[in-house]
Amino acid sequence: MKDKPQIILGIDPGTLVMGYGLIAIDKAKISLVEMGVLHLSKYKNHPERLSLIFKKMEMLIKAHKPAAVAIEAPFFGKNVQSMLKLGRAQGVAIAAAMMHDLEAIEYAPRKVKQSITGKGAASKEQVWSMLQRILDFEERPEFMDATDAVAVALCHHYQMKNPLLSKGEVPLKKGSGKKQSWDSFLALNKDRIKLK
């Protein structure tokens, strides 16, 4: 019997726009299943927005049956009210995952960018461009929240595949005690690179 591909759901939480992305892992092949955004700005009532986030999470989990949920951790801004609202949105997404016995793993934005592009300070466009190469898709979404969510899902896959990356480092060569060069890293991880 053929093993089913493992699905990872990535979430970029937000109270105005929530990004989501699903990737499938089938042995060494990684493919994009779906990505999109949930538009919440037209709803003025914050509890209603939270309810819509929960319902969208429920729908995605029931439809795709992910093995894991990865959520981008909020970055710290100056506006306390915005941070509180973002924290609530993230909490609702985590609660929806937990309702389905799924652990929701958080990744800092810098960590996500580092694992996708090799640079923690990469722009959203650089992340999107790298995702296009890795996952072989042409689409440019209207909102980068969708590609951010895909990046979170892919980041989670890389972390599970190689726990050394969870420290934000390039994996070490066996027995060398030194950081590996990017050329060596790329040679060892050909399944993560797609050339056009």
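Loop-only check: which GluC sites (Glu not before Pro) in region 68-122 are DSSP coil with at most 13 other Cβ within 10 angstrom?
Listed in order of number, the matching sites are 103.
Can you check what the net charge comes to around residue 109, using other residues whose Cβ is under 15 Å from the Cβ of residue 109 (Lys, Arg +1; Asp, Glu -1)?
Overall, the nearby charge balance is -1.
Along the principal axes of its C-alpha atoms, what lengths does region 6-169 span, in descending order and rounded to whole Å?
Principal-axis extents of the Cα atoms in region 6-169, largest first: 43, 35, 30 Å.
On the first, second and third principal axes, largest extent first, how far apart are the outermost C-alpha atoms of region 50-121 in Å?
Principal extents (Cα only, largest first): 35, 31, 15 Å.
May I ask you to compute the full-extension gain from residue 65 to residue 103, defined as 0.36 nm times their residue separation minus their alpha-carbon distance, rounded to one decimal in nm?
Using 0.36 nm per residue and subtracting the Cα-Cα distance, I get 12.4 nm.
Read the figures in this text as sums done on the coordinates, not as results from a lab. Quick caveat: nothing in here was measured; it's all calculated off a predicted structure. Neighbour counts are summed over all protein chains in view; Cβ atoms, including those assigned to glycine, are modelled from backbone coordinates with ideal geometry.
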